[in-house]
Amino acid sequence: MNRLAYLVVEGQPHGFLCNLQQIGADSAQFTVSGLMGIPDHFSLYVEPDKIRYECEVVMKKGNAVRVRFNDREENVRFRGGMRQG
């Protein structure tokens, strides 16, 4: 599985492109490049599904990240650096 997603840190106007390898009902695993120091909490916008997840990091190894979902919102997109509801 490869899906387009954006990692968005609260207070930042732009997201970081992610390559989702796995996604389940309560967790996901992905890789992200171009981000130094992945925070412990952030939003993950999964573009094809139009879903925003509030995430908590459970594992970081290099640019690979595994997260647990704390919340989700449907019909939300993040494209071109702007949130769209």
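Miscellaneous remarks
- Residue tally, condition more than 15 Å from R3 (Cβ to Cβ) and exposed (fewer than 12 other Cβ atoms within 10 Å of the Cβ), over the range 40-57: 1
- Pair list, Cβ under 9 Å, 6 or more apart: the range 58-71 residue exposed (fewer than 13 other Cβ atoms within 10 Å of the Cβ), other residue of a type in the set (K, R) and not in a loop (DSSP other than H, G, I, E, B): V58/R66; V58/R68; M59/R66; D71/R52
- Summed over the range 53-71, residues that are over 13 Å from I23 (Cα atoms) and either modelled with pLDDT of 95 or more or charged (D, E, K, R) (or both) total 9.
- Taken over the range 24-39, residues that are modelled with pLDDT of 90 or more, aliphatic (A, V, I, L, M) and in contact with a strand residue (DSSP E or B) (Cβ under 7 Å, 6 or more places away or on another chain) amount to 1.
- Taking the numbered list (1) modelled with pLDDT of 90 or more; (2) assigned to a strand (DSSP E or B); (3) among the aliphatic types (A, V, I, L, M) in turn, L4 passes all entries but (1).
The values are calculated or read from the model by the stated rules, or taken from the named source; none is laboratory data. Please read all numbers here as calculations on a predicted model, not as lab measurements. Neighbour counts run over all protein chains shown; Cβ positions are idealised from the backbone, glycine included.
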